[in-house]
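Here is the structure we will look at, set down as structure tokens.
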Amino acid sequence: MQKEYTVGIDLGGTNTACAIVDRSGKIVDSDSFPTASASIEQWADRLAGSVVKMAEACGISDQIIGIGVGAPCANATTGCIEAATDLPWPSPIPLAGLLESRFALPVTVTNDANAAAIGERTYGAAKDVDNFIVLTLGTGVGSGVVCDGHLLSGTRGFAGELGHVTFPFASGRLCGCGRYGCLQTVASGKGIVNTAVEMLRSSDRDSILRKVNPSALDPKIIEQAAMKGDPLACRVYEFTGECLGRAAAEFAAFTDPELIILYGGVAKAGELLLSPMRRAFDNAALHLYAGRVRFITSTLPEAEAALLGAASLPYCNK
Ligand SMILES: [Zn+2]
């Protein structure tokens, strides 16, 4: 019997990653290239060229059964990207149609955080878990919510934008969406930098971060300082973890999750975030949930949850 393969595509604001994946979740070949291009058509041509080349090199051109894409603000119902602020082209983008015309294969589209959730459910830490939430902590904060074994989608495919739920602990911060107090303003990479800048300004506590020009501060530098035990950098992560835990305590009331997975660049801080998050969750959550939710970081290799999730989308439609 011939083997079946799918193509997974992770369209990000900076980079596009694509991979040919077999049924077991093994990446057979992969490629990535800068997303920036003069038009979405040029981007689609560049992508098609890359996928065709990989498929020919692997000798499996006639065994690909479908294509899955994870992209920001992607509407799973229409296959379009709607109002994505970090992509270089005007919205809406008819992504599924553009790719179907180039590949003559079924194309399934979902937003990048949902793709990460599907990746965790199909190949990662949520394999046997019916109720969980993936929070993607990167440039922004996204989320994929799986409840009773189903990915929550909603009327327009935008259910579970938990990064844009507002909280009093972030009330003074303006979000990119134009509102104040979104979780994203504290739990994204930019949010962590802003917290560090605020703490550096409001105290005279000694810190190795004071040697860094504030405009050059990034989450990696703050994380490294915290790993070395710098008290101010540690406090930044404690605050961020506390905010995530208090937010998760509210989210738990909606879907009663068993597991919450942190994914993305900021999540690499691991226990620096997870310890205060667990503590804050157990203090803040209703007694029905307190002490009953596991918090972990993604166990899939770096950046693969979204790619593998996208690659498994064609199977979800079968
Ligand atoms: Zn927002």
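Read-outs: derived from the displayed coordinates by stated rules, not from any lab. As the structure is a prediction and not an experimental result, all values here were calculated from the model. Every residue, glycine among them, receives a Cβ derived from its backbone with ideal geometry; neighbour counts consider all protein chains shown.
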Problem - Counted charge near residue 208, where neighbours are those whose Cβ lies closer than 10 Å (Asp, Glu -1; Lys, Arg +1) - result: +1
Handout entry: Size-normalised alpha-carbon gyration radius of the range 248-318, reference 2.2 N^0.38 Å
Key = 1.30
Completion exercise
So, relative contact order of the range 1-134 in percent, Cα under 8 Å, 6 or more apart, is 22 percent
Problem - the chain: antiparallel DSSP beta bridges as a percent of all, rounded to 5 - result: 55 percent
Problem - Equivalent ellipsoid semi-axes, the range 233-284, via Cα gyration tensor eigenvalues times 5, rooted, Å - result: 19, 13, 8
Practice task
Rounded to the nearest 10 degrees, what's the angle between the helix 271-284 long axis and the longest principal axis of the chain, both from Cα atoms, 0 to 90?
Solution key: 70 degrees
Practice task
Would you check the chain for Lys pairs whose C-alpha atoms are within less than 14 Å, ignoring same-chain pairs closer than 8 in sequence, and give me the count?
Solution key: 4
Completion exercise
Cα pairs beyond 23 Å in the range 1-125, in percent, come to 26 percent
Completion exercise
From fewest to most C-beta neighbours within 10 Å, the residues 5, 263 line up as 5, 263
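About the Cα centre of the range 109-235, what is the dipole size in debye to 20, counting +1 per Lys and Arg Cβ and -1 per Asp and Glu Cβ, all else neutral?
That gives the range 109-235 a dipole magnitude of about 440 debye.
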Completion exercise
Mean projected area (nm²) from the convex hull of Cα positions in the range 181-236 is 3.6 nm²
Fill in the blank from the handout: Percent of all Cα-Cα pairs per 10 Å bin for the range 96-174, counting from 0 up to the last occupied bin, reads 17, 39, 30, 12, 2
Completion exercise
Length-normalised contact order of the chain, Cα under 8 Å, at least 6 apart, in percent, tallies to 20 percent
Problem - Size of charge dipole - the chain - debye, nearest 20, with Cβ of Lys, Arg +1 and Asp, Glu -1, no other charges - result: 600 debye
Handout entry: Cβ-based charge dipole, the chain, positive-most Cα from 241, 55, 94
Key = 241
Completion exercise
In a Gaussian network model of the chain with springs linking alpha carbons closer than 10 Å, the residue among 65, 192, 296 that fluctuates most is 65
Fill in the blank from the handout: Assertion target for 122, 240, 77, ordered by fewest C-beta neighbours within 10 angstrom first, is 77, 122, 240
Exercise for the section: Could you give the size of the charge dipole of the range 97-148 about its Cα centre, using +1 on the Cβ of each K and R and -1 on the Cβ of each D and E, expressed in debye and rounded to the nearest 20? Expected result: 180 debye
Practice task
Treating the angle as unsigned and between 0 and 90°, give the value, to the nearest 10°, between the Cα long axis of helix 304-316 and the longest Cα principal axis of the chain.
Solution key: 50 degrees
Problem - the range 4-82: relative contact order in percent, alpha carbon pairs under 8 Å with at least 6 residues between - result: 34 percent
Problem - Relative exposure of 227, 277, 199, judged by other C-beta atoms within 10 Å (fewest first) - result: 227, 199, 277
Handout entry: 0 to 90° range, to nearest 10: angle between helix 231-255 axis and the chain longest Cα axis
Key = 60 degrees
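Starting from the Kirkwood radius over alpha-carbon pairs of the range 1-69, derive D by Stokes-Einstein at 4 °C in a medium of 1.567 mPa s and give it in µm² s⁻¹.
105 µm²/s
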Problem - MRE, 222 nm, helices only [DSSP H, n ≥ 4, -39500 (n - 2.57), over the chain, to nearest 500] - result: -12000 deg cm²/dmol
Exercise for the section: Obtain the radius of gyration and the Kirkwood radius of the chain from its C-alpha atoms and give Rg over Rh. Expected result: 0.99
